[in-house]
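The values are calculated or read from the model by the stated rules, or taken from the named source; none is laboratory data. All figures in this text were calculated on a predicted structure; none of them were measured in a lab. We place every Cβ from the backbone using ideal geometry, glycine too, and count neighbours over all the protein chains shown. With ligands, DNA and RNA removed, areas are computed over all heavy atoms of the protein, side chains included. Shrake-Rupley method; radii C 1.70, N 1.55, O 1.52, S 1.80 Å.
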Amino acid sequence: MNDRELDLTNAQKAIKAKYPPINKKYEYLDHTADVQLHSWGDSLEEAFEQCAMAMFGYMTDTETVEPIDTIEVLSEGDDLESLLFHFLDDWLYKFSADVFFVPREVKVLHLDRTNFRIRSIGWGEEFSLSKHPQGTEVKAITYSAMQIQDNEKPEILVIIDI
């Protein structure tokens, strides 16, 4: 199962029906007291995008989010692992401390593998309990057991603190 089952209201179901289904290339793996995100894609950029969406998908049903606003996120790191950490942490900040933004989709616009910078954009809206089902709060991103496999079919494994 790619997505957790959340009870949706009729209004939330109507929003889901209004837009095409989201292409999900991620899953949740059991982990003691936390959750491990496993994402993949046809490129490393897509694996990063899917990892961010897996994180948001744990907090709410992203298919109930309307793409009515955009936010750009710039992240930097010292290597690919720290870049992934900061990328996810910067997106989490936009959700939990900044503008309470939840994306329906995240797109990596540019991934600089030499200087370890990433520029991404998200389409979504402000999170609202009256509109979006509440999943589980993500408290933090961790480096624990983080893996980035940048090969023919890129994959990412990251544990998030819930």
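Structure above, values below:
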{"quantity": "Residue in region 133-153 that is surrounded by the most Cβ atoms within 10 Å (Cβ to Cβ), counting only those that are touching a helix residue (DSSP H, G or I) at 6+ places or on another chain (Cβ under 7 Å) and assigned to a loop (DSSP other than H, G, I, E, B)", "calculated": "V138"}
{"quantity": "Hits in region 116-132 - residues which are buried (at least 17 other Cβ atoms within 10 Å of the Cβ) and among the polar types (S, T, N, Q)", "calculated": "S120"}
{"quantity": "Residues satisfying the stated conditions in region 47-76, i.e. surrounded by fewer than 17 Cβ atoms within 10 Å (Cβ to Cβ), of a type in the set (D, E, K, R) and either over 28 Å from T9 (Cα atoms) or touching a helix residue (DSSP H, G or I) at 6+ places or on another chain (Cβ under 9 Å) (or both)", "calculated": "E66, E72, E76"}
{"quantity": "Exclusive hit being over 19 Å from I121 (Cα atoms), open to solvent by less than 10 Å² (accessible area, probe 1.4 Å), modelled with pLDDT of 95 or more and not charged (D, E, K, R), set L37, L44", "calculated": "L37"}
{"quantity": "Boolean, I156 is surrounded by 14 or more Cβ atoms within 10 Å (Cβ to Cβ), in contact with a Lys or Arg (Cβ under 9 Å, 6 or more places away or on another chain) and assigned to a strand (DSSP E or B)", "calculated": "no"}
{"quantity": "Neighbours by Cβ (under 7 Å, 6+ apart or cross-chain): first from region 35-47, closer than 15 Å to L83 by Cβ and touching a residue at least 12 places away in the same chain (Cβ under 8 Å); second open to solvent by 40 Å² or more (accessible area, probe 1.4 Å) and of a type in the set (F, W, Y)", "calculated": "A47/W40"}
